[in-house]
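Read through the structure below, which is laid out as structure tokens, and then see the notes.
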Amino acid sequence: MKAFKLITDPQAFQLLGDETRRRVIYLLRAKEMTVSQIAGELNLTPQAIYHHIRKLRDAGMVEVAREERVDHFIETYYRASAEIFNLSHGEGSSQRFAEEKAAESIKALSKIGLKVREDATAAARLVELEKRMEEIGQEGKWSEAIAGLPDVDFLVKQGVGHLAKLLTMSDKDFAEYLNLIKEERKLLRSLVEEPPKVVVTVRKA
């Protein structure tokens, strides 16, 4: 298993949008497991798990760890192909996919009571800002050390990576990082729909 793997394929982004596949990755980061073991852990059928495993293998996120003969059958054990997956917007189709998801996220804000207007240009700019924030700092420098931390689950490892990035930024990089966050917030606030103004007409007696 690699310590770190960069994911730029837009299909991989879509795969991780499914909760079951995220849970499979979570389990296979911790230890090698068979389809039957994963199915038992997630209370799903082996057929359903195999379907998810096949898609994750095709995307390079899951791999065969080993095979064992049990009586007349071959048991295949799978593992995640990396401890940490870094999703990058990349270029081309990945960029378009990221922009589509950013637009969907903006649209979904209205579903939680935050009324904002849809804007494709704003969605594209949000992706640019997020991409630049990913590039700032030296988080990648610590990837292997973080992946090798004993008795620490992958969510904590991701948190450690973020903290290490903030801690080791130069003052210049941190200033740029803050400016990008401020620009992102300003952009989002510009999309807020103002409530309609009530015009009161006063009639003269």
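Just so you know, all these numbers are worked out from the coordinates, no wet-lab data involved. Note that the structure is predicted; figures quoted are calculated from it, not measured. Using ideal geometry, Cβ is built from the backbone for each residue, glycine included, and neighbour counts are taken over all protein chains shown.
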In the structure displayed, which of Lys107/Lys157; Lys165/Lys186; Lys131/Lys172; Lys31/Lys131 lie more than 21 Å apart, Cα to Cα? Lys107/Lys157; Lys165/Lys186; Lys31/Lys131
Measuring from label point to label point, each 7 Å out along Cα→Cβ, what is the Glu184 to Ala30 span in nm? 3.0 nm
Net +/- balance of residues flanking Lys107 in space, Cβ distance below 15 Å, scoring K and R +1, D and E -1: -2
Just to verify a number: FRET efficiency for Glu67 and Ala145, C-beta to C-beta distance, R0 = 25 Å, to 0.05? 0.20
